[in-house]
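Structure first, then comments.
The values are calculated or read from the model by the stated rules, or taken from the named source; none is laboratory data. Not measured: the values here are computed from a predicted model. Here the Cβ positions follow ideal geometry from the backbone for every residue, glycine too, while neighbour counts run over all protein chains shown.
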Amino acid sequence: MNNQFAFEEGLSSRQTLIHKAKRVVVKVGSAILTGKDGLNNEFIGNLARDIAFLHNSGREVILVTSGAVAAGKRKANFPDNQELTIREKQALAAIGQSRLMHDYDEAFSQHGKNIAQILLTHSDLADRKRYLNVRNTILTLLKLGVIPVINENDTVSTEELKFGDNDKLGALVANLIEAEMFICLTDVDALYDRNPLVDPQAQAISTVAEVTDEIEAMAGNSKSALGTGGMRSKIQAAKMVSAGGGSSFIGPGRRKDILRHLFSGEMVGTFFLPRTEKMQGRKRWIAYVLKPQGSLVLDHGACLAITAKGKSLLPSGVIDIQGKFEQGDCVRCVDENSHPVAVGLVNFCSEDLRKIKGLRSDKIAEVLGFKESDEVLHRDNLVVL
């Protein structure tokens, strides 16, 4: 396939997917949502009008937003140059969240739209039952014609409970409700092949067929003053959504009527195509929601069995155990050079696994005095990375 044909095929796929997207997650960050005087009400008004336009076109729209801490910071006259502790962030989020939702409610009501607030922590999605309950709540709101507005619950979040950034939260929500499209509105125009602030010859990339190592390397490590994510986190979010069968868009959030321009077919921002093979919902939950509690170092044969043959992991293939975990926890599998291989739900606690590593499965009962499973990780609970 020549490059011109591949380019034209990518554009065609982009336009087709945008047209067919009926359930859309829109994520906005603090960098474009807030200004030096607090929440940017002009932006909020433009965003509400844009989302109302999508909603009126028959689409279901979910808004994932940042801004509570930044809004609280301005309202409490907190110094801009002071680094925040966890407790201060929690307090400022409590101050700012009501202001954030008040401004959204006023903006959307001007277009006859009802909104609903949902605050989440990582533990809400890490628990499978609560994960499905969140899904059911969002789907019910969509059925009622309401626009859910989702934010991380910074008031109670600690490092252990946090998603990391709202790019990841937005991607997780998109996968949770099987949205066809994830839109990340940010303070940059698009993904560039090089840093446009340094290299004037940098070229914007309109369509990405697959998030490769090369694509991730283009992101750099930039972060805004108010946000927690950068372009790298947005690309990783697009990769997560792609695995769930959805497409993603990264584009200029400050541009007026950006969603209208996008859905009218204008070539703006960067569009990420979905993977051809959609990952099963439970495996997406294991791979992207759960936080690994430890690592298993595997020998070459075990790595090959998992990645190339679709096999379960047996204790004979485990060389070493790192960290402390319980039965049923998520663990990471790495090869002897510490390269990631897979993640999965482990059938043994770390203490028992240290006793049986390297042994054949028929020796498990002899060593432990019991045997609930032959496999350390069953292939149904294992995701190759």
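The rows are residues; the columns are (1) under 26 Å from K239 (Cα atoms); (2) outside any strand (DSSP E or B); (3) hydroxyl-bearing (S, T, Y); (4) not assigned by TED's automatic domain parsing to the domain that holds D213.
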| residue | (1), (2), (3), (4) |
| --- | --- |
| S316 | no, yes, yes, yes |
| C333 | yes, no, no, yes |
| F348 | no, yes, no, yes |
| D352 | no, yes, no, yes |
| K371 | no, yes, no, yes |
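Pairing each residue of region 217-236 that is under 16 Å from Y192 (Cβ atoms) with any residue that is of a type in the set (S, T, Y) and modelled with pLDDT under 65, provided the two are 6+ apart or on different chains, yields C-beta distances under 9 Å for G230/S222; G230/S224; M231/S222; R232/S222.
Name every residue in region 22-55 that is among the acidic types (D, E) and touching a helix residue (DSSP H, G or I) at 6+ places or on another chain (Cβ under 8 Å), in order of residue number.
Pass one, region 22-55, residues among the acidic types (D, E): 37, 42, 50.
Scanning region 22-55 gives D37, D50.
Any residue that is at pLDDT 95 or above and touching a helix residue (DSSP H, G or I) at 6+ places or on another chain (Cβ under 6 Å) - is there at least one of those in region 63-70? Yes, there is a match, as at least one residue in region 63-70 is at pLDDT 95 or above and touching a helix residue (DSSP H, G or I) at 6+ places or on another chain (Cβ under 6 Å). Tell me, which residue of region 121-158 that is assigned to a loop (DSSP other than H, G, I, E, B) and within 16 Å of A48 (Cβ to Cβ) is nearest to the chain's Cα centre (by Cα)? If we take residues in region 121-158 being assigned to a loop (DSSP other than H, G, I, E, B) and within 16 Å of A48 (Cβ to Cβ), then V146 is nearest to the chain's Cα centre (by Cα). Candidates in region 18-50 are the residues that are in a loop (DSSP other than H, G, I, E, B) and within 24 Å of the chain's Cα centre (by Cα); of these, the one that is nearest to D167 (Cα to Cα) is G29. Considering G58, G67, which residue is surrounded by fewer than 16 Cβ atoms within 10 Å (Cβ to Cβ), closer than 30 Å to E180 by Cα and not acidic (D, E)? After applying the criteria, what remains is G58.
For region 108-152, enumerate the residues that are polar (S, T, N, Q) and in contact (Cβ under 8 Å) with a residue 60 or more places away in the chain. Correct list: Q110, N151.
Among residues belonging to region 68-120 that are among the acidic types (D, E) and part of a helix (DSSP H, G or I), point out the one that is nearest to V149 (Cα to Cα). Going through the qualifying residues, I end up with D105. One residue stands out in region 277-296 among those that are in contact with a strand residue (DSSP E or B) (Cβ under 8 Å, 6 or more places away or on another chain) and not in a helix (DSSP H, G or I): the one that is modelled with the lowest pLDDT, namely M279.
Can you confirm whether region 252-262 contains a residue that is in contact with a Leu (Cβ under 7 Å, 6 or more places away or on another chain), within 30 Å of I51 (Cβ to Cβ), assigned by TED's automatic domain parsing to the domain that holds A217 and modelled with pLDDT under 95? Yes.
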